[in-house]
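The values are calculated or read from the model by the stated rules, or taken from the named source; none is laboratory data. Source: prediction; values computed, not measured. Using ideal geometry, Cβ is built from the backbone for each residue, glycine included, and neighbour counts are taken over all protein chains shown. Heavy atoms of the whole protein, side chains included, go into the accessibility calculation; ligands, DNA and RNA do not. Shrake-Rupley method; radii C 1.70, N 1.55, O 1.52, S 1.80 Å.
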Amino acid sequence: MKLDLLHTLNAERAARRAVVVVTDTESGTQRLVKAADVAKDPLADVLDKRLRMAKSGMEETAQGRVFLTVHVPSPQLVITGAVHISQTLAPLGQMLDYDVTIVDPRTAFATPERFPGVKVLAEWPDAALPPLNVDHYTAFVALTHDPKIDDPALLYALSRDCFYIGALGSRKTHGRRLERLKAQGVSDAALARIHAPIGLAIGAVSPAEIAVAIMAEITMRLRVKQDKAEAA
């Protein structure tokens, strides 16, 4: 790889931005495509597919055979609420290679004993969230049912480019939540990003089932193109 490409690649990876190196298998020439430039690239469809899969591989294209080397930041799952659902959701996220963090200022709930092997921050969201590098590769979940915790957490998530934001609660509860957030200046377009009631509609009842539904919805949002996900 040429030095200028390597420098650009390292800079994009350091900034947690996805990038694809396109190698022409016949000529050996290489070029780099940043995630922000994929839509206008001649190979947009295959690049988009590979980025969503987070998987490198060979592709036959109209321009010839190419190998796409995909560099995607590790996804993270940030959960506000050290609740029963989180006790299944956190290890499930880890099984799917997410870096998982639980935020809850209630020290009776946010303990290492309840969440072995999981990063737990017994702090309020305004203190805990800024150091976490919440970005486009972050799934953000609010589960406390306590507006004093969930609302500021959601406000922070909405100010970032999270690929998924979800909140626990019935439609009635979420309606009241939307009113509170809107009163704080959040636009309708931003509020529409919140998935609530949270999780895919699979009839989940128990905390463990709800965790599965949440993780399924996160996975769909990460791997399926947005227009398809909205229709699902």
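Taken over segment 6-17, the criterion of being hydrophobic (A, V, I, L, M, F, W, C) and modelled with pLDDT under 90 is satisfied by ALA14, ALA15.
Restricting attention to segment 40-80, the residues that are buried (at least 18 other Cβ atoms within 10 Å of the Cβ), not in a strand (DSSP E or B) and not basic (Lys, Arg) add up to 7.
Among the numbered conditions (1) farther than 30 Å from LEU3 by Cα; (2) among the charged types (D, E, K, R); (3) in a helix (DSSP H, G or I), the only one that ARG114 does not meet is (3). The set of residues in segment 197-218 that are assigned to a loop (DSSP other than H, G, I, E, B) and on the phi < 0 side of the Ramachandran plot comprises PRO197, ILE198, LEU200, ALA201, ILE202, ALA204, VAL205, SER206.
In the condition set (1) open to solvent by less than 50 Å² (accessible area, probe 1.4 Å); (2) assigned to a helix (DSSP H, G or I); (3) closer than 30 Å to ALA128 by Cα, ASN10 is compliant with all but (1). All conditions but one from (1) part of a loop (DSSP other than H, G, I, E, B); (2) crowded, with 17+ Cβ neighbours inside 10 Å apply to ILE102; the one that does not is (1). Being under 16 Å from PRO91 (Cα atoms) and either surrounded by 20 or more Cβ atoms within 10 Å (Cβ to Cβ) or in contact (Cβ under 8 Å) with a residue 12 or more places away in the chain (or both) is the filter here, so list the residues in segment 107-120 that pass it. Selection gives ALA110, THR111, ARG114, PHE115, GLY117, VAL118, LYS119, VAL120. Being in contact with a helix residue (DSSP H, G or I) (Cβ under 8 Å, 6 or more places away or on another chain) and open to solvent by 50 Å² or more (accessible area, probe 1.4 Å) is not true of GLN94.
Within segment 146-196, the set of residues being among the small types (Gly, Ala, Ser), assigned to a loop (DSSP other than H, G, I, E, B) and either open to solvent by 20 Å² or more (accessible area, probe 1.4 Å) or assigned by TED's automatic domain parsing to the domain that holds ALA36 (or both) comprises SER159, SER170, GLY185, SER187, ALA192, ALA196. Taking the criterion of being of a type in the set (D, E, K, R) and loosely packed, with under 12 Cβ neighbours inside 10 Å, would at least one residue in segment 31-38 satisfy it? Checking segment 31-38: not a single residue is of a type in the set (D, E, K, R) and loosely packed, with under 12 Cβ neighbours inside 10 Å.
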